[in-house]
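Report on one structure; see the data block that follows.
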Amino acid sequence: MRGTAVVTGANRGLGWHTAQQLGQLGYTVVCTTRRLKEAEQTAEALVAQGLDAVPYVLDVRLARDAEGLARELKARWGGVDVLVNNAGVFLDDGVRLFELDDETLETTLQTNLLGPLYLCRALIPMMMARGYGRVVNLSSGYGALSQMGPRITAYRVSKAGLNALTAVMAAEVAGMNIKVNAVCPGWVRTDMGGPQAHRDPAEAASDVVWAATLEEDGPSGAFLRYRQPIPW
Ligand SMILES: NC(=O)c1ccc[n+]([C@@H]2O[C@H](COP(=O)([O-])OP(=O)(O)OC[C@H]3O[C@@H](n4cnc5c(N)ncnc54)[C@H](OP(=O)(O)O)[C@@H]3O)[C@@H](O)[C@H]2O)c1
């Protein structure tokens, strides 16, 4: 066994491929999804491939779910090695700021920004205690301040905030062999990206897995796409 890896939103899209590839590398993959049925189906599908996977129900919007996961990881594995903050929503494509409704704004910020914050807050202390950890935050070019444009306010702000969280967390754990990076996967063929997207999800997930398994001399506090730093 190589270690324990948590993937949020593991039931489909990039999360599914990331969970599968981490399993293929020998990690015990904690497949978190917000519904029990999907969590069980995801873990069962990986186990059927000979991989080590367990289901866990977690809604990233709930701080108490993150705290419960931390207790479970501590009890079963003594901690956690990898956290992939993958779960995300993209609800305001094309929507102007002036048309943005409260529910869309709140759901987007809760899922894409507060969720990763709750999980980092709950899980990274266990990484600090063991002196090892790899955290990957699934970000987007829409979160780059250097490329801001009109519309898509909630998603843009959520991913810009996630980038800020990445930088803060990386600074908090500097020198502890814990890497925290934001990865833009490119435009990927998933439910979110749609069928026109040019990137294969397994290929995009391989970049996430690369960032989740960096050596000690690898980058931290970086914003990465295709395994290279890009402007914030
Ligand atoms: N696809 C792209 O082109 C692209 C580009 C840039 C960045 N990204 C980022 O990459 C990540 C994965 O995207 P994707 O394309 O794989 O999206 P996707 O196919 O739409 O999958 C999104 C995942 O997030 C989960 N999720 C949503 N809200 C949740 C919540 N409250 N609690 C737990 N899980 C929740 C979904 O679970 P349910 O099945 O329960 O809804 C699903 O597993 C996202 O953070 C996204 O912003 C994607």
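Extension gain, residue 64 to residue 102, is 11.4 nm, computed as 0.36 nm per intervening residue step minus the present C-alpha separation. Relative to the longest principal axis of the chain, what angle (0 to 90°, nearest 10) does the C-alpha long axis of helix 115-130 take? Value to nearest ten degrees: 30. Counting only alpha carbon atoms, the long axis of helix 36-48 and the longest principal axis of the chain meet at about 60°. I'd like the orientation of helix 63-77 relative to the chain: the angle between its Cα long axis and the longest Cα principal axis, in ° from 0 to 90, rounded to 10. Result, in degrees: 20. Sequence neighbours fewer than 8 away in the same chain don't count; with that in mind, list the aspartates and glutamates whose C-alpha is under 13 Å from residue 179. Candidates past the 8-residue exclusion: 81, 215, 216, 217.
Take 2-15, 64-77, 155-168, 191-204 and order them by the average number of nearby Cβ atoms within 10 Å per residue, most first; the result is 2-15, 155-168, 64-77, 191-204. Rounded to the nearest 5, what is the percent of antiparallel bridges among the DSSP beta bridges in the chain? Counting only bridges with both partners in the chain, antiparallel ones make up about 5 percent.
Which percent of the accessible area of the chain is formed by carbon and sulfur heavy atoms (probe 1.4 angstrom)? Before the final figure, lay out the partial values.
Working: 5420 of 10440 Å².
Taking all protein chains in place, the chain shows 52 percent carbon and sulfur surface.
Note on the chain: dipole from Cβ charges, positive end direction compared against 160, 20, 218; the farthest Cα belongs to 218.
If packing is taken as the average number of other Cβ atoms within 10 Å across a peptide's residues, how do 50-56, 217-223 rank, most packed first? Don't jump to the answer; show the numbers that get you there.
Working: 50-56: 18.7, 217-223: 16.7.
Those peptides, ordered most packed to least, come out 50-56, 217-223.
Its Cα centre serving as origin, the chain has a Cβ charge dipole (Lys and Arg +1, Asp and Glu -1) of approximately 260 debye. Using helices alone, I'd like the mean residue ellipticity at 222 nm for the chain: each DSSP H run of four-plus residues gives -39500 (n - 2.57), total over residue count, nearest 500. Per the formula, -13500 deg cm²/dmol.
Packing around the peptides 23-31, 78-86, taken as the average count of other Cβ atoms within 10 Å per residue, puts them in this order, highest first: 78-86, 23-31.
For the chain, report the accessible area per residue in Å² (1.4 Å probe, heavy atoms, rounded to an integer). Walk me through the intermediate numbers first.
Details: 10440 Å² over 232 residues.
In whole numbers, the chain has 45 Å² accessible per residue.
Taking a straight Cα-Cα cut-off under 27 Å and skipping sequence neighbours fewer than 8 places away in the same chain, the lysines within cross-link reach of residue 37 are 74.
The values are calculated or read from the model by the stated rules, or taken from the named source; none is laboratory data. Fair warning: this is a prediction, and the values are worked out from it, not measured in the lab. All Cβ positions, glycine included, derive from the backbone under ideal geometry; neighbour counts span all protein chains shown. Accessible surface is based on the protein model in full, side chains and every heavy atom, while ligands, DNA and RNA are left aside. Shrake-Rupley method; radii C 1.70, N 1.55, O 1.52, S 1.80 Å.
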